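Every number in this text was worked out from the coordinates using simple rules, so none of it is lab data. Not measured: the values here are computed from a predicted model. Note that each Cβ is placed from the backbone with ideal geometry, even for glycine, and that neighbours are counted across all protein chains shown.
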Amino acid sequence: MKRKIRRSGLNFILFFVIFLVGSSNVFAENGSRKIIVFKKGVTDTLVQTKLVEDLKGIKIKSLKLINAMAADLSSDSEKEILNRPEVERIDDDIIIYAIKRPSKPQPPQVLPWGVDRINAEIAWDPAAVSDIKVAIVDTGILLNHSDLVNNIKGNINTINSSKSGNDDNGHGTHVAGIIAAMNNSIGVVGVAPYISLYAVKVLGKNGTGWLSDIIEGLDWCINNGIDVVNMSLGSSSGNLSYHEAIIRAYQAGIVLVAASGNEGGPVGYPAAYSEVIAVAATDNLDNIASWSNRGPEVDLSAPGVSIYSTYKDGYYKTLSGTSMATPHVAGAAALVMSRPVDALYDLDANGKWDPDEVMEKLKDSAEDLGFETDLQGAGLVRPDLAVE
């Protein structure tokens, strides 16, 4: 397990959508949108709502996962609410970005080099993996994409509950294809092409979203029995609400996998949290990408340069980023969970795979690429070795 990193600060510098390899843009934007966390005994949403509205706050949504509420607050309202005995604290509602690097679309079925490099096809077992549920917490998934449609079993939009989890950006669809594009005669094939996909839309058309929407998405994953959550998104700093939501999902038995980031700097959040598998990106020569974030929090590496996968409008596209590396690991985790738990890793003897057990199995079976652990973690993920 990697060590926990704590960082403070109310202004969060966030990963921007990246379009050129080696380039990056970041900016902070918090506005007046906050997360009000209530004390343990204050759980009635009507009481919480009245408190906020009485002090001229505007409720956005309840966040039952962490006993909190997202709301728009003026500076005066924030001060008054913070002084109320019912309130534990107020956190910023962080803006979070999809991490991607697009290039030109390409025509059709090939075995993508990343899937081939980690020998995922050797680990395929349609009967074993069909019941594993993987959620793409991202910009959604193109629900009618011909290479994904049969594997998509559910969706939610936490930005607007009246809409579906359909992808209007493309990032989430690309991620989904890396994990579970079907093994058919068209397009591409994913790391685990027989698993069940769930679209959890928490980022908007421009690839950004609020932390509160992500928290709601994680709550949905817990309530719907999701096994693996892929988070190809991040921010350069976290806060307690962010970490508490991650901890709740981890304690619910969900394997959490996240992109380390494309800054060439410290690992971002949520990847930096110890409950999350942080993923670095490699190229087709087994080098760590120069822009892949690094640090002691990195757990594993996976292909992330020039990855061909599904995209919006039913097309395919080549993208680069740790966002593309992350689903290779999420797919590998699904393949591991599709098999009976290895007695050597079943530390609590409960007869099922727990998140820390999956993480250790993937790390122990990884291929050492010869780089420092701050760059590669335990090495290149190898699902074929992990399921032996």
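Determine the percent antiparallel among the DSSP beta bridges restricted to the chain, to the nearest 5.
50 percent
Counting only residues 5 or more places away or on other chains, whose amide H sits under 5 Å from the amide H of Ile152 once H atoms are built in the peptide plane?
Result for Ile152 returns Leu197.
Of the listed peptides 77-90, 59-72, 264-277, what is their order by residue-averaged count of other C-beta atoms within 10 Å, with the highest listed first?
264-277, 59-72, 77-90
Could you give me the ³J(HN,Hα) list for the stretch 260-265, computed from phi with Karplus coefficients 6.51, -1.76, 1.60 and θ = phi - 60°, whole Hz, x at Gly and Pro?
3J(HN,Hα) across the stretch 260-265, in whole Hz: 6, x, 10, 8, x, x.
How large is ³J(HN,Hα) for each residue in the stretch 186-199, as worked out from phi by the Karplus curve 6.51 cos²θ - 1.76 cosθ + 1.60 (θ = phi - 60°), to whole Hz, x for Gly and Pro?
Rounded to whole hertz, the list is 10, x, 9, 10, x, 4, 10, x, 10, 7, 9, 9, 10, 8.
Once Lys and Arg get +1 and Asp and Glu get -1 on their Cβ, which of Leu362, Thr318, Ser274 lies farthest toward the positive end of the dipole of the stretch 262-388?
Going by the charge dipole, the pick is Thr318.
Mind checking which of Phe38, Val189, Asn239 is farthest towards the positive end of the chain's charge dipole, using Cβ charges of +1 (Lys, Arg) and -1 (Asp, Glu) about the Cα centre?
Phe38
About its Cα centre, what dipole magnitude does the chain give when the only charges are +1 on Lys and Arg Cβ and -1 on Asp and Glu Cβ, stated in debye to the nearest 20?
Around 940 debye, computed over the chain.
With θ set to phi - 60° and the Karplus curve 6.51 cos²θ - 1.76 cosθ + 1.60, what are the ³J(HN,Hα) couplings of the stretch 226-234 in order, to the nearest whole Hz, using x for Gly and Pro?
5, 8, 9, 10, 9, 10, 8, 8, x
Can you list, bin by bin at 10 Å, the percent of alpha carbon pairs in the chain, starting at 0?
Here the calculated profile for the chain is 6, 26, 35, 23, 9, 2, 0.
For the charge dipole of the chain, defined by +1 on Lys and Arg C-beta atoms and -1 on Asp and Glu C-beta atoms about the Cα centroid, which residue among Gly225, Ile95, His171 has the Cα displaced farthest towards the positive pole?
Ile95
Once you've got the Cα coordinates, tell me which of Lys34/Lys205; Lys64/Lys361; Lys312/Lys352; Lys205/Lys317; Lys133/Lys312 are over 29 Å apart.
Checking Cα-Cα distances, Lys64/Lys361; Lys312/Lys352 exceed 29 Å.
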